[in-house]
Number of protein chains: 2
Amino acid sequence: MRRDATDDLLLPEAGNGLCGRRSLLRAGLGLAGGLGLAGIAVAAERPPGSLAPGAGMRSYGAPSRHVADLTRVGFSSQPGTDGSGVSRTPLERLEGTITPNGLFFERHHAGVPDIHPDAHRLLLHGRVRRPLRFSLAALHRYPLLTRTWFLECSGNSAALAADVPPQRRCGELHGLISQSEFTGVPLALLLDEAGVDPAARWVVAEGADGALLNRSVPLDKALDDALLVLYQNGEPLRPENGYPLRLLLPGFEGNMSIKWLHRLEVADRPAMSREETAKYTDLLPDGQARQFTFEMGVKSVITSPSPGLGLGAPGLYQISGLAWSGAGRVRRVAVSADGGRSWADAALEMPVQDRCLTRFRAAWRWNGAPAVLQSRAEDETGAVQPTRTEWLAANGPRSFYHYNAVQAWAVAADGSVSNVFA
Amino acid sequence: MRRDATDDLLLPEAGNGLCGRRSLLRAGLGLAGGLGLAGIAVAAERPPGSLAPGAGMRSYGAPSRHVADLTRVGFSSQPGTDGSGVSRTPLERLEGTITPNGLFFERHHAGVPDIHPDAHRLLLHGRVRRPLRFSLAALHRYPLLTRTWFLECSGNSAALAADVPPQRRCGELHGLISQSEFTGVPLALLLDEAGVDPAARWVVAEGADGALLNRSVPLDKALDDALLVLYQNGEPLRPENGYPLRLLLPGFEGNMSIKWLHRLEVADRPAMSREETAKYTDLLPDGQARQFTFEMGVKSVITSPSPGLGLGAPGLYQISGLAWSGAGRVRRVAVSADGGRSWADAALEMPVQDRCLTRFRAAWRWNGAPAVLQSRAEDETGAVQPTRTEWLAANGPRSFYHYNAVQAWAVAADGSVSNVFA
């Protein structure tokens, strides 16, 4: 990584100070804020925390008390209850791509059931030769698979479909997406063992919560990459994420990945349950309701700068954000600092993985004038994230699930950031 | 993933029932414990957790109360204190490769300091043209990098160098290793900005804890891939892992990755501090003490089955474990079920990454007789994990840091598992 001083140039790649991908590793240069101490006698000072022995070890850790706003932000959809609604990941407080389990987003329809693992069973029945019932101990004897995937609620970012840009933090607007490393048993193994009827086309999955939430999964998906998850980020699932067992359908809208999974019924038609008829359908401009929009679209959002994370003095800053697609890998993320007139490629953190959050970053020299920042993702299928105008033309005005349009943040002259429709 | 029933054969690859890599995806077959319900009318039962609304959403989650043993296991090295010693990751309770932050191992020399982020500064001085001081806000304006790496204490597994095999759980023996996704600023950027004296060869890093723990880092490493970490698994560092700032030296022994980092001094020689003279040196058979053994060796351990995680009835089980190397990628993991007489390749979870924990798995048909299980890793440089006899010949009998020999677990006829020297 040793470099010549002559390498240390910021290369403008788009308008309004945007330096883009090629400049990213050359952005040090004292431009960013190291306080020079040249000519001053530098003494090593004894920091206050070193003057006495520190705190003891803990059997299970927690964040620093000085990071007080590191919390999910909950919203109850049923007044008077605290277990039905959503609780969003604070995207603007995070970096990298993994969501710690304590901050993984929540969406519950009847609260979080308290399930004793010894009593839990998974029933696999319906159009199969041999119905089967599994304890958790039995599932642990099957081959396990580990994969990192994002999970996004189809209602994520829905507030952006409103007529006026809502003024909230990035996570409050877009935080129904999270990512973890999941470990579990491929559903295909259990279906093979049960022997699926050749006429079957669907698997109806049901949770053991108060809502008995159920969704119909195409058999092809169930046989392809559906995972019966036991572990998330290395440890057993958390209660709010489906302990002791959940379904995970990579790339598909979140609520199909049934939590507290206790029943799988192989069927020749979908269940036409509440969550695939009255809810989670898209009311299109022509008045038709589109059902079974499984795959989440290509999407990105700048997490910093963002509302509440304003800028200080003019100078060099880092634009950082997340991109993803339910169809596969992210191929490219373009960023703009001039309201979409010019674009530069952002740097993508490696390895870029299939149906994973991809962290992108770009260097930006802010000149202190108002600016509008945007990001636009493209996936390996060639799909490009739409503008808000394009999204509304195809889906509006009464639709709000599956919102994936470009997000614009306006930076004011005082460095504050707000949500704008650009 | 649809397969013919004729595919469903377990392929023996080594002695005593070991099926190895090629059989891993074919191990379902009703052999593993799904309870057949054929001929019985299958009714969907309403699970008890579904009879009432569940618990509410939480701003920061925690594990299920039914996973009571999901804790680090601490050991104080200074009687009468609880902040000096080690606290190990419970490897046998985890799956996949990420260690959740709450269970990342701890090693402190004077407890965990309570550091307010606004007051924290990093001083970069010594043999540089321009000494610099950085606030956390200043560091956040530099380009960030995200990487997943393991971190292992050089004292990990040291109890295995004893004369009698200690009877403890896998994590209690080998749990001074963990893995996270880390995000931070490449140290090379700051060194470039400060301007390193051509005669300099070392960087001495110092923590802001009560021990002012310091270690000398070769300048080449500092300029190569050393990271100043701000985020771990997506969120700000935890206090016990160095909040608000730590050094991370991928592949090197853990205590060099100085936590609570507040000072970096560029120097022409190492500091010869307590932790690189009196401690963390290897006393070799010829009486010489080997200093500066930075890179951690190639190593693996079977996490399941392991002591406390015994087997039930004879039949098909999954062997699961972790492999790693400070020198690069894991190339191969061989497993044996007959005390090392024959070996089969285990399946490696993809992607296998540089200086990362790699999860390996193999199918094993246990016949109910006593058996000895072992794993042996090889890395991309061709280095192979030594047997215990080989390790002792090269390092024994008074050395105990950097222990990386093959671990053997004995399975008794009753299914219980114990630690043996094989």
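Two-decimal Rg/Rh of the protein assembly as shown from alpha-carbon positions, Kirkwood Rh?
Rounded to two decimals, Rg/Rh equals 0.97.
At residue B:315, label 7 Å along Cα→Cβ: distances to the other copies, nm, ascending?
With the label placed 7 Å along Cα→Cβ, residue B:315 yields 6.6 nm.
Out of residues 5 or more away from residue A:98 or on other chains, whose amide H comes under 5 Å of its own, with H placed 1.01 Å from N in the peptide plane?
Close amide H contacts, sequence-distant or interchain: B:234.
Would you kindly derive the ³J(HN,Hα) couplings of the stretch A:295-303 from the backbone phi angles with the Karplus curve 6.51 cos²θ - 1.76 cosθ + 1.60 (θ = phi - 60°), listing them in order in whole Hz, with x for Gly and Pro?
7, 7, x, 6, 7, 7, 8, 7, 8
For the pair residue B:69/residue B:224, report the inter-label distance in nm, with labels modelled 7 Å from Cα in the Cβ direction.
4.0 nm
Per residue, how many Å² of accessible area does chain A show with a 1.4 Å probe?
35 Å²
Once amide H atoms are placed 1.01 Å from N in the peptide plane, what residues at a sequence separation of 5 or more from residue B:304, or on another chain, have their amide H within under 5 Å of its amide H?
For residue B:304, whose amide H was placed from the backbone, the distant partners under 5 Å are B:320.
Please report the spacing between the Cα centers of the stretch A:69-103 and the stretch B:324-353 in Å, no decimals.
Between the Cα centres of the stretch A:69-103 and the stretch B:324-353 lies a distance of 39 Å.
Taking a probe of 1.4 Å and counting only protein heavy atoms, give the total accessible area buried between chains A and B in Å², rounded to the nearest 100.
10000 Å²
Give me the percent of the accessible area of the stretch B:173-216 that comes from carbon and sulfur atoms, probe 1.4 Å, all protein chains in place.
After summing per-atom areas, the C and S share lands at 53 percent.
Evaluate the distance, in nm, between pseudo-label points positioned 7 Å from the Cα of residue A:288 and of residue B:274 along their respective Cα→Cβ axes.
Those two pseudo-labels are separated by 7.5 nm.
Taking residue A:48 in one copy and the same position in all the others, each labelled 7 Å out along Cα→Cβ, what are the pairwise distances from the first, in nm, shortest first?
Here residue A:48 shows inter-copy label distances of 5.1 nm.
For the protein assembly as shown, what is the charge dipole size about the Cα centre, in debye to the nearest 20, if Lys and Arg each add +1 at the Cβ and Asp and Glu each add -1 at the Cβ?
Its charge dipole is roughly 200 debye.
Bin width 20 Å, origin at 0, all Cα-Cα pairs of chain B: what percent of pairs per bin?
Whole-percent P(r) values from 0 Å outward: 24, 51, 22, 3, 0.
What are the chymotrypsin sites (Phe, Trp or Tyr not before Pro) within the stretch B:98-139 that DSSP puts in a loop, where the Cβ has at most 13 other Cβ atoms within 10 Å?
Here no loop site has a sparse enough neighbourhood.
For chain A, what is the relative contact order in percent, using Cα pairs closer than 8 Å and at least 6 residues apart in sequence?
18 percent
I'd like the accessible area for residue B:295, computed on protein heavy atoms only with a 1.4 Å probe and all protein chains in place. Round to 10 Å², please.
100 Å²
With θ set to phi - 60° and the Karplus curve 6.51 cos²θ - 1.76 cosθ + 1.60, what are the ³J(HN,Hα) couplings of the stretch A:336-343 in order, to the nearest whole Hz, using x for Gly and Pro?
10, 10, 10, x, x, 6, 9, 9
What Kirkwood hydrodynamic radius do you get for the stretch B:310-422 when you take the inverse of the mean 1/r over all pairs of distinct Cα atoms, in Å?
One decimal place: 15.0 Å for the Kirkwood radius.
What is the mean number of Cβ atoms from other protein chains located within 10 Å of the Cβ atom of each residue in peptide A:77-88, rounded to a whole number?
For this peptide, the per-residue mean of nearby foreign Cβ atoms is 2.
From the backbone phi of the stretch B:391-396, what are the Karplus-calculated ³J(HN,Hα) couplings (6.51 cos²θ - 1.76 cosθ + 1.60, θ = phi - 60°) in whole Hz, Gly and Pro given as x?
These are the phi-based 3J(HN,Hα) values: 5, 5, 4, 7, 10, x Hz.
For peptide B:140-152, how many partner chain Cβ atoms fall within 10 Å of a residue's Cβ, on average?
6
For label points placed 7 Å from Cα toward Cβ, what is the shortest-first list of nm distances from residue B:60 to its copies?
Copy-to-copy label distances for residue B:60: 1.4 nm.
Given Cα pairs under 8 Å that are at least 6 residues apart, what percent is the relative contact order of the stretch A:111-240?
Relative contact order comes out at 27 percent.
List every residue whose amide H lies under 5 Å from the amide H of residue B:144, counting only residues 5 or more places away in sequence or on a different chain, with H placed 1.01 Å from N in the peptide plane.
Amide H neighbours of residue B:144: none.
At 1.4 Å probe size, with the rest of the protein present, what percent of the exposed accessible area of the stretch B:92-147 is carbon and sulfur atoms?
46 percent
The values are calculated or read from the model by the stated rules, or taken from the named source; none is laboratory data. It should be emphasised that the depicted structure is a prediction, and the values quoted were computed from it without experimental measurement. Glycine gets a Cβ as well: all are built from the backbone with ideal geometry, and neighbour counts include every protein chain shown. Only protein heavy atoms, including side chains, enter the accessible area calculation; ligands, DNA and RNA are left aside. Shrake-Rupley method; radii C 1.70, N 1.55, O 1.52, S 1.80 Å.
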